[in-house]
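Please read the structure below before turning to the comments.
Just so it is clear, none of the values below were taken in a lab; they were calculated from the coordinates. Computed from a predicted model, the values in this text were never measured in an experiment. Using ideal geometry, Cβ is built from the backbone for each residue, glycine included, and neighbour counts are taken over all protein chains shown.
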Amino acid sequence: MSIRRAAWLRALADAVERIESWESRWPVSDEENPSEGELQALSELTDRLRDNYPFGSPSYAGQMLKPPHPVAWAAYAATTLINPNNHALDGGPATAQMEREVIAEIATMFGFEPSAVLGHLTSGGTMANLEALWIARELHPERPIAYGANAHYTHSRVCGVLGARGIEVPCDGDGRMDLDALERRLRHDRPGTVVASFGTTGVGALDPVREIADLCVRYDARLHVDAAYGGFFALIGEREPALIDVSATKALRRADSVVVDPHKHGLQPYGCGCVIFADPTVGRFYKHDSPYTYFSSAELHPGEVTLECSRSGSAAAALWTTMRAIPLTPNGGLGDMLAAGRQAALVFADAIADAPNLRLVYEAQTDIVVFAPYEEGLDAAATSEWTKRVFRTLMTDAQSPLFLATIRVDSAACEWLREGGKEVTVLRSVLMKPEHRARAAGFVETISRAAGAQRTPPAGHEPGASP
Ligand SMILES: *Cc1c(COP(=O)(O)O)cnc(C)c1O
């Protein structure tokens, strides 16, 4: 076992012992050893888990996936011995309080006055956005909800779920919401809420939040910012020099609601999203009365301001512990980790620009780089096939595989392409690990070499045929 893992396992064992010493005040339920069948099941699990990509390895730079920080893992595992439920203060008094504390810190990161907002954790970004759009619909039931063509696909689906009319706003050439198009929409369709993306899932683009906030004021619309992916980058907008769009970062505090996913850039295991409302009085829409949830205190319970009922107290505990260990600060703490990923993306993008057979498709705005194998005169279909060959070759290299992702984009984004084909498949890399910074330039060399070797399909293979 790696030295680091072994040390964390010992730390977990210590934490478990401390929990047991607390538990020893009550009768213990059993002292039996695990059965053969139970142990066998666990060993079958680890066999089955081999069917995964190496998300934790620095050579994995594909999707927005990585294992949680060990401190989050240990905190989560230890808390699960108790398994508190954050739907009510009595379901998990300690973890409900931790949830409040982490919400205050996340609110502060976005520039809100933490005591003035209403926020809570959710099982993920989709649920968090669902809550934000539900409030949007409750406040303006007759008006549509506008989101960018670059927005996460769940926004249009959530509008369907809510029975709200969703309208799409086109993007500019950098993958950001187009402001002229938004203004036309605001004038003609009168959306009650505009959804801006701070870090799009596909290309990591940062919508111009300040200008969107100005337009929302002018046309009397609310602003929801979906920062599920990019939210924690707000930290590095505060660094000197700032590593991302400062104007968009500073405008986050003008949002009526913001969503961020600690299970993406907050080092957490899945099951941890977050929504924050600038106006705490929207809590009135959550009002419900149930005879079976045990409300024993006069204080507001988390379950009274969340759509979900049972929620993982372990998720709150893991986030709280992580933020104690790795604070939400621009320098040091989480800021340094995000800065490293951002710098990796800048190095990577520069190297792409220098490689003769690669081209950037979008400017890298966070830690996601979208690029394509390039040769003058190629069309979309040939570029897509070339992309897929490069992707597969890199991933299946026996010596040192490199794991990237692919993405379909509008062919207009690759202005060098010969006419034909509305969409083109290109390469995408999410450089979300600090270790990527030292490796980014080497990655591009490897990719450029693979692109050279894979320029033409292997003999005997028609385009589109599998190798
Ligand atoms: C990931 C993501 C979502 C969806 O969040 P889940 O946690 O996957 O449910 C929504 N919006 C954006 C911008 C995202 O990146």
statement: So for R0 = 35 Å, FRET eff. of S400-R165 from the Cβ-Cβ r, to 0.05, ends up at 0.10
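Set the Förster radius R0 to 30 Å, insert the Cβ-Cβ distance between Y270 and L39 as r into 1/(1 + (r/R0)^6), and round the FRET efficiency to 0.05.
Values: r = 26 Å, r/R0 = 0.86.
Efficiency, rounded to the nearest 0.05: 0.70.
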message: Averaged across orientations, what area in nm² does the convex hull of the alpha carbons in the chain project?
response: 26.2
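Please report the relative contact order for the range 93-325, taking Cα pairs under 8 Å with a sequence separation of at least 6, and give it as a percent rounded to a whole number.
Working: 430 pairs, mean separation 61.1, N = 233.
Computed value for the range 93-325: 26 percent relative contact order.
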- request: About the Cα centre of the chain, how large is the charge dipole given +1 on each Lys and Arg Cβ and -1 on each Asp and Glu Cβ? Please answer in debye to the nearest 20.
  value: 560
- line: For the pair R5 and L300, the simple spin-label estimate (label points 7 Å beyond Cα toward Cβ) gives in nm 4.4
query: How high is the relative contact order of the range 333-453, in percent, counting Cα pairs under 8 Å that sit 6 or more residues apart?
result: 36
- line: Of all DSSP beta bridges with both partners in the range 308-467, the antiparallel percent, nearest 5, is 95
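I need the per residue convex hull volume for the range 104-195, using only the alpha carbons, in cubic angstrom as a whole number.
Values: hull volume 11.0 nm³, N = 92.
Measuring per residue, one finds 119 Å³ for the Cα hull of the range 104-195.
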query: Under a point spin-label approximation (7 Å from Cα along Cα-to-Cβ), what is the R392-I82 distance to one decimal in nm?
result: 5.2
field: Computed label-point distance, nm, for sites E105 and A149 using a 7 Å Cα→Cβ extension
entry: 4.0
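Divide, for the range 1-54, the radius of gyration over alpha carbons by 2.2 N^0.38 Å, where N is the residue count.
Details: Rg = 15.6 Å, N = 54, 2.2 N^0.38 = 10.0 Å.
Expressed relative to 2.2 N^0.38 Å, the Cα Rg reads 1.56.
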- prompt: Counting only the backbone N, which residues of the range 222-243 are under 16 Å from the spot 7 Å out from the Cα of E363 toward its beta-carbon?
  reply: 242-243
